[in-house]
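Just so it is clear, none of the values below were taken in a lab; they were calculated from the coordinates. Since we're looking at a predicted model, the values are computed, not measured. Note that we place each Cβ from the backbone using ideal geometry, even for glycine, and neighbour counts take in every protein chain shown.
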Amino acid sequence: MKVGSSEAKEDVAKFYNGSGTVRVAGKIRDRWGGNLHNGFWHDDTDDAPPEVATDRLTDLMIERLVPRPGQRVLDIGCGIGKPATRLLRAHPVHVVGITISESQVDQARADAVSNGLADRVTFGHADAMRMPFSDGSFDAAWALESLFHVPDRDRALAEAARVIRPGGRLAIADFVLRTPVSDVARRAVERITTTFGVHSVSSLDDYLGQLSAHGFTDIDVTDISDNVARTGTLLADAWEDVRDQLVENGNAEKVDAMITATRDFSNTPEFGYILLSALRV
Ligand code: SAH
């Protein structure tokens with residue numbers, strides 16, 4: 001099963017800009033630590049709160065990136081810049097972050113200034129499928145839960161391969177579909193894809209094939225599905241708590257659909273999750 005739609009980009013921007021529907025990041029920002037991604041829990045007894053668990057996932061991605069001093073790192077789908085901030089604090093690198101949401105750019109820029117990092121990071125509005133950068137202009141790139149939104153992942157990976165210099169690294173955190181997908185799961189996957197603008201999710205094999213085709217080698221994959229599985233439940237709980245603030249102008253049905261779909265993440269084992277790193281030949 002593969003999901004894809006050319007309508008996706010505008011939907012995704014709308015989703016994150018919060019225009020008219022739900023203001024996704026803002027309302028639970030404190031609770032989620034500004035990260036727009038899953039948390040990582042070591043095991044069932046691990047009771048780290050989401051803001052700690054989501055930072056852990058960023059740290060695992062930083063390890064995969066192996067950043068060297070002075071390097072230029074591209075953040076594909078940077079959200080409000082929290083992962084980039086963590087990377088910048090841990091390593092003396094420069095980061096360029098792109099997102100399809102204008103309001104995220106504003107927020108990320110403002111935070112970079114208040115964090116005293118503005119001289120080492122720039123955020124801009126750009127599409128992962130058509131990046132405004134010259135060939136080989138980055139030492140490394142990461143995509144932290146952004147590629148599943150992109151209507152044409154193959155094209156985004158081709159762009160990543162183009163802008164990363166030979167010998168540079170790519171790190172990805174993303175969902176993969178674990179097959180076979182049962183009928184119940186298929187319905188959940190559909191709810192998730194419609195609600196969250198998930199437009200490029202496929203089996204791991206398809207993913208690996210695309211990476212190889214675009215000149216990535218030494219591909220290393222870690223399946224952390226079990227470690228992130230709690231996220232859907234915790235996020236749905238967080239949104240339930242602020243439901244009254246999210247509901248406006250008759251959008252209650254949408255908000256409730258979002259909460260249900262969020263729980264589906266935790267209840268649908270077919271929705272797997274991987275961390276991946278690769279070398280640009
Ligand atoms: N990496 C961030 C944000 C993850 S949310 C974090 O972990 O906190 C997904 C991000 O992907 C959002 O910033 C969204 O705007 C971005 N995105 C989705 N489609 C995109 C596209 N076609 N081009 C660039 N960014 C995109």
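General observations
- Taking the C-alpha atoms of region 50-92, convex hull volume expressed per residue in Å³: 70 Å³
- Max mean-square fluctuation residue, GNM over the chain, Cα-Cα springs under 10 Å, options 109, 165, 187: 187
- In the calculated pair-distance distribution of the chain, the portion above 30 angstrom amounts to 24 percent of the Cα-Cα pairs.
- Taken over region 164-260, the alpha-carbon convex hull comes to 146 cubic angstrom per residue.
- Length-normalised contact order for the chain - Cα pairs under 8 Å, 6+ apart - percent: 23 percent
- For region 101-240, the gyration tensor built on C-alpha atoms gives an oblate shape. Its axis ratio a/c (a ≥ b ≥ c) is at least 1.5, and a/b is not larger than b/c.
- Label zone at residue 254, where the point sits 7 Å out along the Cα-to-Cβ direction: region 94-123 residues whose backbone N lies under 18 Å: 101-104
- Look at the dipole of the chain built from charges on Cβ: of 156, 38, 93, the Cα furthest out on the positive end belongs to 93.
- Spin-label model, residue 245/residue 118: points 7 Å from Cα along the beta carbon direction are separated by 2.7 nm.
- With each label modelled as a point 7 angstrom along the Cα→C-beta vector, the residue 267-residue 137 pair spans 4.6 nm.
- Taking 16 Å as the cut-off, the amide N atoms of region 237-265 that come nearer than this to a point 7 Å along the Cα-to-beta-carbon line of residue 182 belong to 264-265.
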